[in-house]
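The values are calculated or read from the model by the stated rules, or taken from the named source; none is laboratory data. Note that the structure is predicted; figures quoted are calculated from it, not measured. Glycine also receives a Cβ, built like all others from the backbone with ideal geometry; neighbour counts cover every protein chain displayed.
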Protein chains: 2
Amino acid sequence: MKVLGQVKKSVILGIISVIMRVGRCKLCGRRMIVHLRYANLSLCEDHFINFFENRVLRTIKRYKLLKDNEKVAVAVSGGKDSIVLLHVLNKLAKDMNFSLSVLHIDLGISGYSNRCRELVEKYVNEYNLELNLMNMNSEDLSIDEIASIKKLNRKLCSICGVIKRYWLNRMAYEIGADKLATGHTLDDADQILIQCLISGDMRQLYKLYPIVYSATHPKLVTRIRPLFESPEEDILLYAKIEGLEFIERPCPYASGALSLDIKKLLNEIESRHPNTKLSIYRNFVKKIRYLLDVYSEGEIGTCKICGFPSSVGECSYCRLKRRVLEYRKR
Amino acid sequence: MKVLGQVKKSVILGIISVIMRVGRCKLCGRRMIVHLRYANLSLCEDHFINFFENRVLRTIKRYKLLKDNEKVAVAVSGGKDSIVLLHVLNKLAKDMNFSLSVLHIDLGISGYSNRCRELVEKYVNEYNLELNLMNMNSEDLSIDEIASIKKLNRKLCSICGVIKRYWLNRMAYEIGADKLATGHTLDDADQILIQCLISGDMRQLYKLYPIVYSATHPKLVTRIRPLFESPEEDILLYAKIEGLEFIERPCPYASGALSLDIKKLLNEIESRHPNTKLSIYRNFVKKIRYLLDVYSEGEIGTCKICGFPSSVGECSYCRLKRRVLEYRKR
């Protein structure tokens, strides 16, 4: 009976210790703010912030995203991902010895772009950084203007992608940046992976990496994605804990795109099978991507109009600009 | 005004012809039974049956699944996929000059396996074929028995997979079959592809092909999957039009597995973006799979107990049998 008593006592103590730990940070025992199911880890505010920033740091180191004394152009739209990217990079800049310069494109979407620009300006001032602003109205190529032209035969999101890719690279090049950092997330990585499987675009699939080198053209800046291993739900929580403001409203032109469907479905799988999102990306990088180097780009050509990289004689951006001008003349 | 009148007339005629075609088979104008969104094609019953069977035939020819005068062992569980596979292969056998022999495993699931076996026997008699039956009760290894043992530390579906893979190959080998045909569908192909990305199992990913050659072991029969490019919704419709009976009830032990989640989500994407399922598989085969040959199996070993293929000394099946026996003795 004494043995039974001891067993009972240890069971009761065990249950009490489990109850004590429920709702507690695994590292310090304080009140938890989040339970990360993919890591089976409960964390308090401070330890979550540490955990999040260390993961970004690990991505930077694992994939050698930055070298000593580099100038990093960071693309900031004002959404949660790019605001968090700016915030984390600004924290890391001094210790890691790199300098930051902010790029922002005012897309000319009325009732939306102004608010984005003002928010970016606020953080640029707060962090005492340089702001490089491109206003699409000054190119007569605002998204509002383009949206009013019905016959471009291309989806608006895809046109906007052309504009952003072009100007972010061009601005980064013109300010002499060594790297161009964007806020692409783990969710973006998985979504692009699935979309490449659907479209069969192997060149894009090969480029699905935290660093895409610029060796293919002298005017192409090496792109880096420090948030490529960070899931969006963590980015959102990080922004909230750090008290970061960001534009929550989606772009007014955003529509029910395939990319959003894929992200939603990946999150449904993740919610029932934690760690799916990171596993997909890690396995792809570790076991498949290096085999796809047969699809890597060789030397890329030069646009005869603007002198920036293009696989054909006229780059997508110059072609877009010309076509919009043609429609306007009619 | 005469020109305007002609324009109006042609517009009206156009509208009438569109209305006439709505609900009509694109090939013969009869009442349609299905609109295949992935092909933007409306078909009547007869033309759908043609379309379906021709696609299976194309898969067989494109991937060289069959040679002249071969003996094909077809695995039939009684579910819609394997019943349709048997039906189509039986139709094609004479013209393509191959012979069929049916394999069925009675898994020993009470209230379920009997009905499956009886249905398979019905079709074997109707088509005047040979039936090779393996009853797991005779091995003292029924699924009911295994399910009652709690401590096998392996999911029941995975154990059932070991049993089926082992006995289907062994039976096919023992009747001297040249090929072992299974009812894996396009939905299975995509689901396994995604699951391999999640698990990182590149060896299985490389084998995701309509034909898996047996060169790795003398007692391994080459497996073929003639339905690997046929979506399950088409298979279901084919079964209904052809008046085929099949076991609709899922296995009573089936649970909310990852594989079912993935299939459901793929179908949600397909419903909003037709042709996604086929694109994923075709692009994988055309652009990725051949690069994965670094993961192909070399020579595979032999199980010291049963003499059939095994990557370690004791094959998964013999190990399972031994462990079940051990638990029973306790």
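Please return the ranges of strands (runs of 3 or more DSSP E) entirely within segment A:19-79 where 1 or more residues are in contact (Cβ under 8 Å) with a residue 24 or more places away in the chain.
The qualifying strands (runs of 3 or more DSSP E) are A:34-36, A:71-75.
Looking only at residues in segment A:125-148 that are touching a residue at least 40 places away in the same chain (Cβ under 8 Å) and in a loop (DSSP other than H, G, I, E, B), which one is surrounded by the fewest Cβ atoms within 10 Å (Cβ to Cβ)?
A:ASP140
Hey, any hits in segment A:242-265 for a residue that's under 20 Å from A:LEU220 (Cβ atoms), part of a helix (DSSP H, G or I), more than 10 Å from chain B (Cβ to nearest Cβ) and not hydrophobic (A, V, I, L, M, F, W, C)?
Checking segment A:242-265: not a single residue is under 20 Å from A:LEU220 (Cβ atoms), part of a helix (DSSP H, G or I), more than 10 Å from chain B (Cβ to nearest Cβ) and not hydrophobic (A, V, I, L, M, F, W, C).
If A:GLU299 satisfies every condition in (1) of a type in the set (Asp, Glu); (2) assigned to a loop (DSSP other than H, G, I, E, B); (3) within 14 Å of chain B (Cβ to nearest Cβ) but one, which is the exception?
Of the numbered conditions (1) of a type in the set (Asp, Glu); (2) assigned to a loop (DSSP other than H, G, I, E, B); (3) within 14 Å of chain B (Cβ to nearest Cβ), the odd one out for A:GLU299 is (3).
Return the residue satisfying two criteria in turn: it lies in segment B:251-294 and is among the small types (Gly, Ala, Ser) and within 16 Å of B:CYS196 (Cβ to Cβ), and of such residues it is surrounded by the fewest Cβ atoms within 10 Å (Cβ to Cβ).
B:ALA257
Could we say that B:SER311 is modelled with pLDDT under 95 and either surrounded by 13 or more Cβ atoms within 10 Å (Cβ to Cβ) or hydroxyl-bearing (Ser, Thr, Tyr) (or both) here?
It is true that B:SER311 is modelled with pLDDT under 95 and either surrounded by 13 or more Cβ atoms within 10 Å (Cβ to Cβ) or hydroxyl-bearing (Ser, Thr, Tyr) (or both).
From the list A:LEU168, A:LEU193, A:LEU208, which residue is closer than 28 Å to A:ARG319 by Cα, within 12 Å of chain B (Cβ to nearest Cβ) and buried (at least 18 other Cβ atoms within 10 Å of the Cβ)?
Just a single option satisfies the conditions, and that option is A:LEU193.
Can you tell me which of B:LYS151, B:LYS219 is part of a helix (DSSP H, G or I), surrounded by fewer than 18 Cβ atoms within 10 Å (Cβ to Cβ) and not small (Gly, Ala, Ser)?
Residue meeting the stated conditions: B:LYS151.
Pick out the one residue from B:LYS286, B:LYS277 that is modelled with pLDDT of 90 or more, within 10 Å of chain A (Cβ to nearest Cβ) and within 17 Å of the chain's Cα centre (by Cα).
B:LYS277
Considering only segment B:302-330, state which residues are more than 17 Å from B:ILE163 (Cβ to Cβ) and either hydrophobic (A, V, I, L, M, F, W, C) or touching an Asp or Glu at 6+ places or on another chain (Cβ under 7 Å) (or both).
B:LYS304, B:VAL312
Out of all the residues in segment B:314-330, which are touching a Phe, Trp or Tyr at 6+ places or on another chain (Cβ under 8 Å) and either assigned to a helix (DSSP H, G or I) or surrounded by fewer than 17 Cβ atoms within 10 Å (Cβ to Cβ) (or both)?
B:SER316, B:TYR317
Could you run through segment A:148-170 and say how many residues are over 25 Å from the mean Cα position of the chain (by Cα) and aliphatic (A, V, I, L, M)?
The qualifying residues number 2.
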